[in-house]
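Following: one structure in structure tokens, then a few remarks.
The values are calculated or read from the model by the stated rules, or taken from the named source; none is laboratory data. Bear in mind the structure is a predicted one, so any value in this text is a computation, not a measurement. Every residue, glycine among them, receives a Cβ derived from its backbone with ideal geometry; neighbour counts consider all protein chains shown. Quick note on the areas: whole protein, heavy atoms, side chains included, nothing else; ligands and nucleic acids left out. Shrake-Rupley method; radii C 1.70, N 1.55, O 1.52, S 1.80 Å.
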Amino acid sequence: MEREMHKVVLVTRKTRLQELIRKYNTAEQARFYIEHLGADFSDYVREDEAYRRAVTTVTQAAETYARLQRIDRDFLPNMIFGQQDIVIAVGQDGLVANILKYLDGQPLIGINPEPDRWDGILLPFEAGDTEHVLARVLKKSATFREITMARARTRDGQTMLAVNDLFIGQKTHVSARYDLTWNSRQESQSSSGIIISTGLGSSGWYRSVMAQASGIAECFGGPRLVSRGPAWEEKALTFVVREPFPSGRTQAGIVCGRLTSQDTFRILSQMPKNGVVFSDGMEQDAIEFNAGTEVTVEIAPKRGILVA
């Protein structure tokens, strides 16, 4: 197996300590800020040290098998991945979600840098597993899970992929105005925005909204709601309209549903400014969704490949 024939892209993220040092210039100033708030600065240090150890272990293992390129999460939008690249993420579940939408069939290995700290639903491996897992991927004997993604597409050709969820609404999450079309049904709505979730994302934002709905139903004497999203691999999405407001000009009949490849789901903006479409919590990477912009939401044609 020729080492030069393969490339591993290692994607890392800044720790909380690194973010604080970037903000306050030095570790001493960061310590003063945290301890002034009554928090434990040593926990930030322990997390940083554990993360650095994990990255070092992964780096050494990867360099045994392949050429290694390391990038920070912040540079993902500008990264061009080779078709034969193998990608390793060391971080939290959110990092895996951030990476998947920039890949096109390349396998992704999720490494949990500190299992005692992070649950790591998308991080099935520890740093010490890297050599073994990478060898299986290179020998094509690894098993994979395919991840269904969502896609938002505007009429002028802009597109955005989501591994967890899409948000369509106002930047500040205040009332958004739009026309919603779901198959043969159409409504003018005013709401706090629409969340469209994948099966992978149904345990996140979607779950919290449905938990609130269930609690409200139970408060008024109804049964608790049981809402399970689709499986990660299933070609289906779910959507929820947040806080729909019925009035003389707006309706609240379409508030929740399921989308497959046979469904039509379009949103036409009626907002003069501050409308946005963003995915996976990355508000800084958004499509403008202002008056006259129409967005179609559908199952993405490509799927994420996660090493299991």
TODO: Please sort 168-178, 240-250 by packing, taking for each peptide the average over its residues of neighbouring beta carbons within 10 angstrom, highest first.
DONE: 168-178, 240-250
- [ ] Name the long-range amide H neighbours of residue 70: under 5 Å, sequence gap of 5 or more, or other chain; modelled H, no Pro or chain starts.
- [x] 10
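How would you rank 111-117, 8-14, highest first, on the average number of other Cβ atoms within 10 Å across their residues?
Values: 111-117: 18.0, 8-14: 21.0.
Answer by packing, highest mean first, reads 8-14, 111-117.
Under unit Cβ charges (Lys, Arg +1; Asp, Glu -1), what dipole magnitude, rounded to 20 debye, does the chain have relative to its Cα centre?
Numbers: 37 positive and 38 negative charges, 136 e Å.
Dipole of the chain, to the nearest 20 debye: 660 debye.
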Open item on the list: Tell me the mean residue ellipticity at 222 nm calculated for the chain from its helices only (DSSP H runs of n ≥ 4, each -39500 (n - 2.57), averaged over every residue, nearest 500).
Closed with: -8000 deg cm²/dmol
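Counting Lys +1, Arg +1, Asp -1, Glu -1, what net charge surrounds residue 154 among other residues with beta carbon under 13 Å of its beta carbon? Numbers along the way, then the final one.
Values: positive: 151, 153, 155, 266; negative: 156, 288, 294, 298.
After counting each charged neighbour, the total is 0.
So for each of 96-104, 221-229 I average, over its residues, the number of other beta carbons within 10 Å; can you give me the resulting order with the highest mean first? It would help to have the intermediate numbers written out before the result.
Numbers: 96-104: 22.4, 221-229: 11.6.
Ranked by mean Cβ neighbours within 10 Å, highest first: 96-104, 221-229.
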Open item on the list: What are the ³J(HN,Hα) couplings of region 216-223, residue after residue, when phi is run through the Karplus curve with 6.51, -1.76, 1.60 and θ = phi - 60°? Round to Hz, x for glycine and proline.
Closed with: 5, 4, 5, 4, 9, x, x, x
Open item on the list: Using +1 at the C-beta of Lys and Arg and -1 at the C-beta of Asp and Glu, which of 44, 20, 33 has the Cα lying farthest in the positive direction of the dipole of region 1-53?
Closed with: 20
Open item on the list: Just to be sure I understand the model, the point goes 7 Å from the Cα along the line to the Cβ. What's the resulting residue 288 to residue 132 distance in nm?
Closed with: 5.2
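Among rounded, prolate and oblate, which fits the chain when a ≥ b ≥ c are the square roots of the eigenvalues of its C-alpha gyration tensor, a/c under 1.5 means rounded, and a/b larger than b/c means prolate? Don't jump to the answer; show the numbers that get you there.
On the way: a/c = 1.96, a/b = 1.51, b/c = 1.30.
Prolate, because a/c is 1.5 or more and a/b exceeds b/c.
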TODO: Measure off 7 Å from each Cα along the Cα-to-Cβ vector at residue 71 and residue 217, then give the distance between these two points in nanometres to one decimal.
DONE: 4.3
TODO: Quick one: which residues, 5+ away or cross-chain, put their amide H under 5 Å from the amide H of residue 144? H built at 1.01 Å from N.
DONE: 308
Task: For the chain, with +1 on Lys and Arg beta carbons and -1 on Asp and Glu, the positive-most of 271, 134, 199 along the dipole - done: 271
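Classify region 209-282 as rounded, prolate or oblate, taking a ≥ b ≥ c as the square roots of the eigenvalues of its Cα gyration tensor: rounded when a/c is under 1.5, otherwise prolate if a/b is larger than b/c and oblate if not. It would help to have the intermediate numbers written out before the result.
Working: a/c = 1.79, a/b = 1.11, b/c = 1.61.
The shape class here is oblate.
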Task: From phi via Karplus (6.51, -1.76, 1.60), per-residue ³J(HN,Hα) for region 169-180 in Hz, x at Gly/Pro - done: x, 8, 3, 8, 6, 7, 4, 10, 10, 6, 10, 10
TODO: Can you send over the carbon and sulfur percentage of the accessible area for region 1-148, probe radius 1.4 Å, protein chains only?
DONE: 48
TODO: Rounded, prolate or oblate: pick one for region 168-252, where a ≥ b ≥ c are the square roots of the eigenvalues of its C-alpha gyration tensor, a/c under 1.5 means rounded, and failing that, prolate if a/b is larger than b/c, else oblate.
DONE: oblate
Task: Proximal charge balance of residue 301 [Cβ under 11 Å; K/R count +1, D/E count -1] - done: +3
